[in-house]
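The values are calculated or read from the model by the stated rules, or taken from the named source; none is laboratory data. Just so you know, these numbers come straight off a predicted model, no measurement behind them. Virtual Cβ from ideal backbone geometry, glycine too; neighbours counted across all protein chains shown.
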Amino acid sequence: MGTKKKKKIEWINILAPFVVLAIIVVILEVLAKSGKVAEYVLPAPSKVVAGTIKSFGRAILPDFLFSIKIILIGFISATILGLLLAAVFSQFSIVAKATSPVIIWLVITPMITLVPLVLLWLGNDPNVRVIIVILQASPIICLNTLTGLTTIETEKKELARSVGATRFQAFIKINFMNAMPQVFTGIKLGCIFSIIGSISADFVAKTIGMGNKIIQFTKYVQTDLAYGSILLVALLGIGMYMLIEAIEKKVVIWRK
Amino acid sequence: MKKDNLDSKVASIVAPILLFIIIFFVWELIVKLNNIPAWLLPAPTRIFRSMVVNFKDLWPHIWMTFRTILVGYLIAIPVGILLSALVTNFALLSVALTPYILLLVTTPLITLVPLLMLWMGFGIQTRIVTVLIQSFAIINMNSATGFLNVPHIRHELMQTLGANRLQKFRYILLPSALPDVFTGFQLAAIFATTACISAEYVGGNMGLGSQIIKYAQFLKTTESFACIFYVTILGLFFYTGVGQIKKWIITWKI
Amino acid sequence: MKVPKIEYDNVTKIFSTRRQKITAVQDFSIAIEDGQFVSIVGPSGCGKSTVIRLLNGIIPPTSGEIKIDGVPHGKKKLSKERLKKMGFVFQEPNLLPWLTIKENVALPLKVFHMKESEDWERVDELLNMVGLYETKDAYPTEVSGGMTQRAGVIRAMVHNPEILLMDEPFGSLDGITQDALDMEILKVWEKTKKTIIFITHNIDEAVLLSEKIFVMATQPGRLISIQDVHLPYPRELEMKETHEFIDFSNMITNLLGELELSIIK
């Protein structure tokens, strides 16, 4: 295969998703303008972008900043908590065995079920929602990390012991590095759960936050702004995910 | 050694059960010793009693949530697998669409719930669609990963036999991808439950999600907890159910 | 004059990556007669794996022609007819872990849509021939490496191809199993008289098995010598100890060694 053809393929690889995006936007725009679909179902993409930018400063920004704050603080705390707990639990086989099903229980029970009760206990302070995010995200991070740390081949453990590594050294060099792929899968899922947790908390508690804004905009049939808000949340989600992937690439160099 | 293995297996079952008992015991103790009122934090025994006593009242909602999750989930499975099989099979589609497969997962699709309710009303169909799209996204992504990570020599094997696309799918792609596909199913079970409760929070007054809010508003914390525990049971049903099916089907080690 | 079974006519294969062009095979021209057992030897990177993949169409050539029975491959993908003429044995057994040994061996019949009873009888015959009949219902992970590799070999034969392509098939096995399988493949060849191209980096193995050895060098991958092996058939493992054998083997090793020295210079 000549180099010219190879280069062409590279360009196609990079541009193809954007071409798809362009096609989708054009189709939506044409559909919307044609009047065949109701405005409240499908506002034109141009209108969505324009309307969102126009209203951004006064109607959306405070809520967006609030949600970002809640999500980031909650997610980072959840990651630290999840990793620490998993590290501790993995030290003793019996503890790991005992806690795994309990953590699974916490993963399966959507922590958003606790939103009404948390509001009851801790009042109406919007910042309380951080707790929901932490509760929703940390179990999955903890679970994946614990699984990664405990399924280590005995050979590697013995190797560490044979070269006289201390418990801590062995832990860091072998268990931790080996678990990295699983850990990052957990962190990525935790990221997604963080956003779901935050939005769900907004749905119940209202007053502020992107979840609340989407409900408000929909209520007043300002669907272009609703779509705009959804896109902003989507961007936040993608942004966080890409950041985690970038960090992962630096840390896990040998991953397939 | 055989004895070690047996001890290990017994420990895996007994240890968590013990931990659960300890947790509930401590919880009960804290409530009783500090005389915490039921509307603030009910004792586990109170919650369990409520689950039994109120079962008749709660049943329509349990059934509603269960149905919603089941239908959305079952539709998501074939759609998710087929779409990922299609996309990954054709190089151009694969390159153009894999970013979107990821996008569907990283965007919390529950943000669409209010809009869905605007279009489709507050009925069960809206919530089923919510469960459907959230489950579909993760099944789609994990299946795609499975299809894209088939070892190259298996592709070569199919090439030496002149296999067409359908044969490739049947003989190597689908079986190779099954572990990833099932991981997707298990994660989807979790997403489905969460999505359903989320949707029930926003609208309608059916389903366990709505009841959790209702009871909390009336300070009937015990009943609220009862609903939460029922949600856990539903989620557990799906999650372990899929896990078991995975064990039955994937009898080999890759 | 009879048309050679397999012909490579000035075949070149260049792989281009973003940064460089790699000439895997350059101006490769050989002819192999029907029923011959030939080997291709050379250091890693000399293109020997590429050469057989050019033959069964996994890799298309950059230039030159490849012919089977005098008919060139052409530009399109190889037809099922043509592919059926060849059987490929991989370096790793490459068995599908969800199928039993027997199901794995029979896989080509399914993909080639071969439904005749004689084809399916052949499955059991082949299993018997290499001693896998008892384990036919076991799964690949339940049997030894030697057994899975045997399964890989008979899988390549189940559709009764005229040509067998073997890409370092026994390299990952221990010495004893390697010897045993070498002898078995000789027996198979004697019985079936298929055309066999055997790739190996083990020169003794090549001398033991083949009538002709194609010696390749690297950077770029190319043919540097064709050696006829004048040892009599049937070959025995003991032949490896004879002076004739050792001298011949050393000669080939030297051929490759000289080349390495010249590269270093």
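Scanning segment A:225-256 for residues that are buried (at least 23 other Cβ atoms within 10 Å of the Cβ) and either more than 9 Å from chain B (Cβ to nearest Cβ) or among the hydroxyl-bearing types (S, T, Y) (or both) yields A:L225, A:Y227, A:G228, A:S229.
Hey, does segment C:121-136 have a residue that's within 8 Å of chain B (Cβ to nearest Cβ) and within 23 Å of C:T192 (Cα to Cα)? No, that holds for no residue.
Would you mind stating whether C:G70 is small (G, A, S), surrounded by fewer than 19 Cβ atoms within 10 Å (Cβ to Cβ) and farther than 23 Å from C:L209 by Cβ? It is true that C:G70 is small (G, A, S), surrounded by fewer than 19 Cβ atoms within 10 Å (Cβ to Cβ) and farther than 23 Å from C:L209 by Cβ. Of the residues making up segment A:97-125, those that are modelled with pLDDT of 85 or more and of a type in the set (G, A, S) are A:A98, A:S100.
Scoring B:F136 on the criteria (1) at the interface with another protein chain (Cβ under 7 Å from one of its Cβ atoms); (2) under 18 Å from the mean Cα position of the chain (by Cα) leaves a single failure, condition (1). The number of residues in segment B:216-228 that are at the interface with chain A (Cβ under 8 Å from one of its Cβ atoms), of a type outside the set (S, T, N, Q) and either in contact with a helix residue (DSSP H, G or I) (Cβ under 7 Å, 6 or more places away or on another chain) or under 23 Å from B:P114 (Cβ atoms) (or both) comes to 4.
Yes or no, residue by residue, for (1) surrounded by fewer than 21 Cβ atoms within 10 Å (Cβ to Cβ); (2) free of Cβ contacts under 8 Å to residues at least 60 places away in the same chain; (3) of a type outside the set (A, V, I, L, M):
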position: B:T106; (1), (2), (3): no, yes, yes
position: B:W119; (1), (2), (3): yes, yes, yes
position: B:A137; (1), (2), (3): no, yes, no
position: B:S143; (1), (2), (3): no, no, yes
position: B:T160; (1), (2), (3): no, yes, yes
position: B:Q167; (1), (2), (3): yes, yes, yes
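Scanning segment B:190-218 for residues that are more than 27 Å from A:G186 (Cα to Cα) and touching a residue at least 12 places away in the same chain (Cβ under 8 Å) yields a count of 11.
Look at (1) buried (at least 21 other Cβ atoms within 10 Å of the Cβ); (2) without any contact (Cβ under 8 Å) to a residue 60 or more places away in the chain; (3) out of contact with any His (no Cβ under 6 Å at 6 or more places or on another chain) and you find that C:P108 fails only one, number (3). Tell me, yes or no, whether segment A:29-52 has at least one residue that is of a type in the set (G, A, S), within 14 Å of another protein chain (Cβ to nearest Cβ) and buried (at least 19 other Cβ atoms within 10 Å of the Cβ). Checked segment A:29-52: no residue is of a type in the set (G, A, S), within 14 Å of another protein chain (Cβ to nearest Cβ) and buried (at least 19 other Cβ atoms within 10 Å of the Cβ).
The set of residues in segment B:4-22 being of a type in the set (D, E) and under 11 Å from A:I94 (Cβ atoms) consists of B:D7 alone.
Restricting A:V115, A:V88 to residues that are part of a helix (DSSP H, G or I), more than 7 Å from chain B (Cβ to nearest Cβ) and surrounded by fewer than 18 Cβ atoms within 10 Å (Cβ to Cβ) narrows the list to A:V88.
Here C:M114, C:M129 are screened, and the one residue that is farther than 19 Å from C:L173 by Cβ and either surrounded by 20 or more Cβ atoms within 10 Å (Cβ to Cβ) or touching a residue at least 12 places away in the same chain (Cβ under 8 Å) (or both) is C:M114.
Pick from segment C:184-214 the residues that are of a type in the set (V, I, T) and more than 18 Å from C:A156 (Cα to Cα): which of them is surrounded by the fewest Cβ atoms within 10 Å (Cβ to Cβ)? Filtering segment C:184-214 for residues that are of a type in the set (V, I, T) and more than 18 Å from C:A156 (Cα to Cα), the one surrounded by the fewest Cβ atoms within 10 Å (Cβ to Cβ) comes out as C:I203. If you go through segment C:247-262 and keep only what is of a type outside the set (S, T, N, Q) and closer than 24 Å to C:P169 by Cβ, you end up with C:F248, C:I252, C:L255, C:L256. Checking the structure you have, find out if any residue of segment B:59-77 is more than 25 Å from the chain's Cα centre (by Cα) and over 30 Å from B:F225 (Cα atoms). Looking for residues that are more than 25 Å from the chain's Cα centre (by Cα) and over 30 Å from B:F225 (Cα atoms), one finds none in segment B:59-77, hence no. If you go through segment C:19-38 and keep only what is outside any strand (DSSP E or B) and closer than 20 Å to C:K212 by Cα, you end up with C:E33, C:D34, C:G35, C:Q36.
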